[in-house]
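Chemist: Shown below is the structure under consideration.
No lab work stands behind these numbers, since they all come straight from the coordinates. Predicted model, so just to flag it, every value in this text is computed and none were measured. Using ideal geometry, Cβ is built from the backbone for each residue, glycine included, and neighbour counts are taken over all protein chains shown.
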Amino acid sequence: MTRMSIRDALNRAHQDLMAADDTIVVIGEDIAGGAGVKGGAELGGVFGVTRGLGAKFGEGRVIDTPISEASFIGMATGAAMTGLKPIVELMFSDFIGVAFDQILNQAAKARFLANGRFDLPLVIRTTMGAGDSSAAMHSQSLYGVLAQIPGLMVACPSTPADAAGLLKAAVGSPDPVVLFEHKGLYGHEGDVADDLPAVPLGKGRLVTEGESATVVALGAMRHAAEAAVTSLEARGISIDLIDPRTIVPLDLTLIANSVKKTGHLVVVDEGTDFGGFADAVISAVARDHFGALKAAPVAVTPPHTPIPYGRAGEHAWLPHADTITAAILALLDMQETA
Amino acid sequence: MTRMSIRDALNRAHQDLMAADDTIVVIGEDIAGGAGVKGGAELGGVFGVTRGLGAKFGEGRVIDTPISEASFIGMATGAAMTGLKPIVELMFSDFIGVAFDQILNQAAKARFLANGRFDLPLVIRTTMGAGDSSAAMHSQSLYGVLAQIPGLMVACPSTPADAAGLLKAAVGSPDPVVLFEHKGLYGHEGDVADDLPAVPLGKGRLVTEGESATVVALGAMRHAAEAAVTSLEARGISIDLIDPRTIVPLDLTLIANSVKKTGHLVVVDEGTDFGGFADAVISAVARDHFGALKAAPVAVTPPHTPIPYGRAGEHAWLPHADTITAAILALLDMQETA
Amino acid sequence: MTLDDLKPLFEKAHFIRAFEHEIAALSEAGDVPGLVHLCLGAELFEVALCANLEGPGDQVTGSHRSHGLALAMGADPVAVAAEILGRTGGLSEGLGGTQHLLAPEVGFLTSNGIVGGQVPLAAGAALSAKTLKTGGIGVAVMGDGATNQGAVFETMNLAVALKLPLLFVIENNGLGQSTSAHYASGGISPMARARGFGLAASHVEGGDITGCLKTVDRLVSWVRETGSPALVEASVPRLSGHYHGDEQLYRSAADSQPDPLEQFEDTLLRAGATATECHTIKTGAHAAAKAAVTAANQQADTSDEAVARWATRLGGAA
Amino acid sequence: MTLDDLKPLFEKAHFIRAFEHEIAALSEAGDVPGLVHLCLGAELFEVALCANLEGPGDQVTGSHRSHGLALAMGADPVAVAAEILGRTGGLSEGLGGTQHLLAPEVGFLTSNGIVGGQVPLAAGAALSAKTLKTGGIGVAVMGDGATNQGAVFETMNLAVALKLPLLFVIENNGLGQSTSAHYASGGISPMARARGFGLAASHVEGGDITGCLKTVDRLVSWVRETGSPALVEASVPRLSGHYHGDEQLYRSAADSQPDPLEQFEDTLLRAGATATECHTIKTGAHAAAKAAVTAANQQADTSDEAVARWATRLGGAA
Ligand SMILES: Cc1ncc(C[n+]2csc(CCOP(=O)(O)OP(=O)(O)O)c2C)c(N)n1
Ligand SMILES: Cc1ncc(C[n+]2csc(CCOP(=O)(O)OP(=O)(O)O)c2C)c(N)n1
Ligand SMILES: [Mg+2]
Ligand SMILES: [Mg+2]
């Protein structure tokens, strides 16, 4: 066990993977950094996740690109069809727009269209999350958009062990996987087993165990929810906090079993208030486990607006621990007075 | 009142709008058609919706473009910021991928980022729908993806009157509107009032009235659901069939009032089985009107795969009237035996 | 090129022509589920291109109009026809269809429903060839209309910047659906524009078999040997509608163009072949094409099992 | 250009320089919510560009690095600073921020968080000007890195094909974040590539005020008069990090470049201005910039009311 940040865990996972498998290449903007610039040190990606990879594995395997997301994500997809295992860094998930055809129609559908005649070991790592005033085009958490698209696997790690483990699982997956890393969590530390074991796609984690309600949250929201759970403990309220870790495939069994016990469901989602992760989970539980619900399920999401820049505005937009606490309390009260 | 097809109703609405307002321009591929080709007649769009507009309003207002969706949708967005009212035809909604940044980050967010200092009277008309073996990249119904994005209005007409009326409302809206026209419905006929009145965004329609269940469906699924409702009538089962017509904003009041009466909810959605329109409606009703539900709500959607090409495969993929009938019956039985 | 080298190409080109006619006939009979985009007019160029390639080391990606390319690369004609017909014996059991032909086994990586969408994918094949040192190259085939797509321009730059062994191939038939290439590209030719990106680029006439073979050979060799990208623009006629059934009212009857296969036949005759020989080759090719398409048409429709299998595999809602 | 014509430009350029320094200082003090991309090195070129434009007939769109452009077009400096600081008196009440400056009232249509995203929008302004016959033009300003984006290439072609009065402006500072322009574009200059699209294109040096004014004037007039697009590439140094606080370890200390504002001052001195005059102008500009930024910094943060207002307007979930 070592304590390290999500950034470092991801970096180590890259090192392990690349050392073990020559067919893994890393592709993106400024990921070695300084391409064509005389002198100076390696940048290692704007968030430092790929630091040192260029020096260690060479520019043939750590490929700095022009600002051409459509073509390099398409290139990575084509490379995954023909023998390589590319890990692409898309600097911000907000930039999926410029590359969306290659994701929606090419990467997501290729294996189906080939009827499985090839694997598509493509991994797209990207970032998400508000909270640092990066404004409307550098803060979105667009996993809900990608989760709608058949053929893509989508994961959102919230701890160093999960980040490294999901990256390993993603590289080993026959289907394309998009990993959403929360910008605000890169420095978040946790214990990691020395061999950074893979975390299977589709397996959620029960973060805290309790009786009163089931709270589902991922990414930064998992940590906000954890803080809410801690504050509720003091009042004698115990919570099943579930971090599903992957959205597609989703560990509905874990969620359903918990709701059967608690009868109460709260889903926290930084992504979208309409037709995203929260709605998908609530709908699935309402459809398949209606009888288990003792009260109306609750979604804690931002309002339906682009993400504001100014500090107070952005703070008002984001769900926080206290918003989550209030939502859980309201849900439980509602039941008591029902 | 005149009986006409959706295609003709849309064409007439264009004519009315363009004759009345010089600032309306129509932009897209082959919408006049034959640009730069000697001799020959006007094409009027690959589905014939814009037929005759080029001859009537001239190439300055009916603008054939290169196959460059990102730049012409962006151009239309910029034009809407500066005094024009562009109606863009995006031939198939499957092509949003190549233009997605201009939709996700530019058109959707512009008014918010300007804090309302300009209107954005941009209309994007596009097509959707499976059923004609157009395969995985010409059949998708991607309204669920766009409905997630704050700042966009999304509508899906299913009748000639609604198609013309929603187009008129869209052109008059200060916010960008995306209209999804179902390819399979262009020839669908219905009665249309002679002045083609605008249909307000956000107002659903109660298509049939009944007691046993609330069925929500739009686009081609509304017609499949109508057939299902008719077949159930014979068995003495009556249904509130709601065509919400617009997804954003959504007429939840109409849906909720119906569920309060029937206690049963079925949502039919050709779009996606995960985090799309069906999940959004079911989640909203479960959250806000939990007490009104007498049984688990039901989603009738395609499976989570790209759209198959071959006839039998595509038929198996799509929801049909009999699938919907079976779902409603199962829901009502379930209640009886509960 | 000797006569003996040319004859198999002539045969293959006619096989493709006849194959497309058979598909067209089945389409009219209601046996083809989707709209088909036939390659009539491009057959000569396509066999000349693929004569210089060898899968699976070389990998070609094509557009919506790729029946001929898949066949020219050596995909099984019955499986190609069955895919176009949406049948169980199709390349992908009929799940993909006419615009989604995949035969990576023989070097036809994929065709595409999105104009230009196939082009970055070919850059990926080039990257694999380079990284894995297979000696192969990537080939991105597209129409003139596709050359106005952002992803295509980006890939031209990317291939230059990263030095990828990638051949861009433009089949310029002067039209993108109903819009002229001249209008859509502001009068600038694909070749001229490619040179602005720093690409080595040449033009060929799609009715000139020896010119096509020579130029393709030169460019393919150059890409293979230098590991750098290049572009070839072929002028080909579009001998039929955008799709089969397109009435083409936007096009005047007067713009009819010579048929490359007749030009090919003239070349053979000039090189010493007899009319009878040519006739025999054509008849044989036509019969073979008819047999393949007919065999495919006897197969059963795609099954719901194939769909169910993918639904289970891909997860999604419970 | 007389000395009297140049002095206000010198003043404006120094105002922008000082404004950026004030923002940098507030950033270090923790008063700026987001990362800021300063335009240090491009001020001269930007005032020369905007001296030839007049809003709202002309409309400019810019990149993430647009503080200077918004100011050069005449946006209210307090409102620009307040937007960058995320305050209630910002251009958009602080909802947009440093990368989203909108002042269409004065001809600065929008800046952008997506590299190249602003370029098609400027084509829209050009289309409006053309259709509504306002006599105005659209201007798309971007960095060298943006010239590798598909939407930018597409817009070049679109502007040529549709004959739009659109000026493309490349501020080539040799770097896109940490990547050299030379690497990213395979050694091809933006101007050379633009010519491949059939665009009239010229290059200017960002330290040469008279050259910048003359060339921009010529191209702007050409676009305005012919209604056709053109491109100008300006070489400008990036005098600081990609964003303020960027340590630039990827860049060697040796590649320092001359400061265009010093070159501008030399031009003034050669034209007969005195050192004292120059000093007075600079001091005045610096004081004015400081006053504007300080006033903005006294305003309150964006409010949750502004957010709530948009949530109500835009609908979404119940
Ligand atoms: C991104 C995108 N836009 C539009 C279309 C519709 N479409 C299909 S083929 C075609 C014309 C393509 O022209 P070209 O590239 O010259 O190929 P050709 O059909 O002439 O072989 C168009 C507009 C599409 N499939 N994808
Ligand atoms: C589509 C997209 N890709 C990447 C980024 C991240 N990014 C922001 S600025 C920048 C470099 C831009 O370089 P250039 O266009 O030369 O402008 P400069 O910063 O030099 O002014 C990058 C990569 C982005 N904002 N949008
Ligand atoms: Mg063509
Ligand atoms: Mg730059």
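Chemist: Would you compute, from DSSP H runs of 4+ residues alone, the mean residue ellipticity of chain C at 222 nm, taking -39500 (n - 2.57) per run and dividing by the full residue count, rounded to the nearest 500?
Modeler: Helices in chain C give a 222 nm mean residue ellipticity of -15000 deg cm²/dmol.
Chemist: Can you say what percent of the DSSP beta bridges in the stretch B:205-337, counting only those with both residues inside, are antiparallel? Round to 5.
Modeler: In the stretch B:205-337, DSSP labels about 20 percent of beta bridges as antiparallel.
Chemist: Quick one: net charge of B:F180's neighbours, Cβ under 14 Å, K/R +1, D/E -1?
Modeler: -3
Chemist: Principal axis lengths of the stretch A:2-192 from Cα atoms, whole Å, largest first?
Modeler: That works out to 44, 35, 33 Å along the principal axes.
Chemist: Next question, about the same structure. Hey, what's the per residue convex hull volume over the C-alpha atoms of the stretch A:89-228, in cubic angstrom?
Modeler: Spread over its residues, the Cα hull of the stretch A:89-228 gives 127 Å³ apiece.
Chemist: Quick one: if you stick a label point 7 Å off each Cα along the C-beta vector at B:A234 and B:D288, how many nm between them?
Modeler: 3.7
Chemist: If each DSSP helix of 4+ residues adds -39,500 (n - 2.57) and the sum is divided by the residues in chain A, what number results at 222 nm, nearest 500 deg cm²/dmol?
Modeler: Counting only the DSSP helices, I get -10500 deg cm²/dmol.
Chemist: Taking all pairs of distinct Cα atoms, average 1/r, flip it, and tell me the Kirkwood hydrodynamic radius of chain C in Å to one decimal place.
Modeler: 19.9
Chemist: Between D:Q298 and A:D191, what FRET efficiency comes out of the Förster formula 1/(1 + (r/R0)^6) with R0 = 45 Å and r the beta carbon distance, rounded to 0.05?
Modeler: For A:D191 and D:Q298, the calculated efficiency is 0.45.
Chemist: Moving to a separate point now. Specify the longest stretch of chain B that does not include any exposed loop site, a site being one of the GluC sites (Glu not before Pro) with a non-H, G, I, E, B DSSP assignment and at most 14 other Cβ atoms within 10 Å.
Modeler: B:60-208
Chemist: Put a point 7 Å out from Cα along the line to Cβ at B:K56; what are the distances to that point in the other copies, in nm, shortest first?
Modeler: So the distances to the same position in the other copies read 6.7 nm.
Chemist: Between 0 and 90 degrees, rounded to the nearest ten: what's the tilt of helix B:160-172 against the longest Cα principal axis of chain B?
Modeler: Long axis of B:160-172 versus the principal axis of chain B: about 60 degrees.
Chemist: Something else about it: Taking every pair of alpha-carbon atoms in the stretch A:60-167, give the share separated by more than 16 Å as a whole percent.
Modeler: 61
Chemist: Given a Förster distance of 60 angstrom, what is the FRET efficiency for C:L132 paired with A:L329, based on the Cβ-Cβ distance and rounded to 0.05?
Modeler: E(calc), rounded to 0.05, equals 0.55.
Chemist: For the stretch B:205-337, what does the relative contact order come out to in percent, with C-alpha contacts under 8 Å and a separation of six or more?
Modeler: 28
Chemist: Please give every one of the lysines within straight-line cross-link reach of A:K203, meaning a C-alpha to C-alpha distance under 30 Å, and leave out same-chain neighbours fewer than 8 residues apart.
Modeler: Correct list for A:K203: A:K85, A:K109, A:K168, A:K183, A:K260, A:K261, A:K294.
Chemist: Antiparallel DSSP bridges in the stretch B:2-192: what percent, to the nearest 5?
Modeler: Close to 15 percent.
Chemist: Just to confirm my numbers, what's the Cα centroid distance between the stretch B:19-54 and the stretch D:173-232 in Å?
Modeler: Cα centroid to Cα centroid, the span is 34 Å.
Chemist: May I pose another question? For chain D, what does the relative contact order come out to in percent, with C-alpha contacts under 8 Å and a separation of six or more?
Modeler: Relative contact order for chain D comes out at 23 percent.
Chemist: Using just the C-alpha positions of chain A as equal point scatterers, what log10 of I(q)/I(0) does the Debye formula give at each q in 0.13 1/Å?
Modeler: Summing over Cα pairs of chain A leads to -0.96.
Chemist: Just grab the label-to-label distance for D:D266 and D:L249, each label 7 Å out from Cα along the Cβ direction, in nm (one decimal).
Modeler: Calculated label separation equals 3.5 nm.
Chemist: Taking the alpha-carbon distance from B:K38 and a cut-off under 25 Å, which lysines remain once sequence neighbours fewer than 8 residues away in the same chain are dropped?
Modeler: Answer for B:K38, where 25 Å is the Cα cut-off: B:K56, D:K163, listed by chain and number.
Chemist: If you average 1/r across every pair of different Cα atoms in the stretch B:118-181 and take the reciprocal, what Kirkwood value do you get, in Å?
Modeler: In the stretch B:118-181 this quantity evaluates to 12.5 Å.
Chemist: In Å, what is the Rg of the alpha-carbon atoms in the stretch A:1-110, and how long is Dmax?
Modeler: Rg then Dmax for the stretch A:1-110, in Å: 14.2, 43.
Chemist: Follow-up question, since we're still on this one. Mind checking the stretch D:75-169 for trypsin sites (Lys or Arg not before Pro) that DSSP puts in a loop (not H, G, I, E or B) and that have at most 11 other Cβ atoms within 10 Å?
Modeler: D:K133
Chemist: Per the Kirkwood formula on distinct C-alpha pairs, the Rh of the stretch A:205-337 is how many angstrom?
Modeler: When all Cα pairs of the stretch A:205-337 are included, the Kirkwood radius is 14.7 Å.
Chemist: A follow-up question, please. Which part of the stretch D:179-217 falls in the paramagnetic zone of D:E225, meaning amide N under 16 Å from the point 7 Å along Cα-to-beta-carbon?
Modeler: It comes to D:200-201, D:214-217, nothing else.
Chemist: Moving to a separate point now. So, in Å, what gap is there between the alpha-carbon centers of the stretch C:44-92 and the stretch D:97-159?
Modeler: 42
Chemist: Would you tell me the mean number of C-beta atoms belonging to other protein chains that fall within 10 Å of each C-beta in C:190-200, as a whole number?
Modeler: If you average over the peptide's residues, the count of other-chain Cβ atoms is 4.
Chemist: Nearest 5 percent is fine: what portion of the DSSP beta bridges confined to the protein assembly as shown is antiparallel?
Modeler: Rounded to the nearest five, the antiparallel share is 20 percent.
Chemist: Restricting to DSSP loop positions (anything but H, G, I, E, B) with no more than 16 other Cβ atoms inside 10 Å of their own Cβ, which trypsin sites (Lys or Arg not before Pro) remain in the stretch B:149-212?
Modeler: B:K203
Chemist: Give me a single rounded figure for D:98-104: the average over its residues of other chain Cβ atoms within 10 Å of their Cβ.
Modeler: Across D:98-104, the average partner-chain Cβ count within 10 Å equals 5.
Chemist: Could you name the lysines in cross-link range of D:K214, using Cα to Cα under 20 Å and dropping any fewer than eight places away on the same chain?
Modeler: Cross-link targets: D:K7, D:K12.
Chemist: Convex hull over the alpha-carbon atoms of the stretch A:250-292: what's its volume per residue in Å³?
Modeler: 67
Chemist: Would you work out the relative contact order for chain A, in percent, from Cα pairs under 8 angstrom that are 6 or more residues apart?
Modeler: 16
Chemist: Related question: Could you quote the convex hull projected area for the protein assembly as shown, Cα atoms only and averaged over all directions, in nm²?
Modeler: 47.3
Chemist: Tell me the angle of helix A:69-81 to the major Cα principal axis of chain A, expressed in degrees between 0 and 90 and rounded to the nearest ten.
Modeler: So the helix axis and the longest Cα principal axis differ by about 80 degrees.
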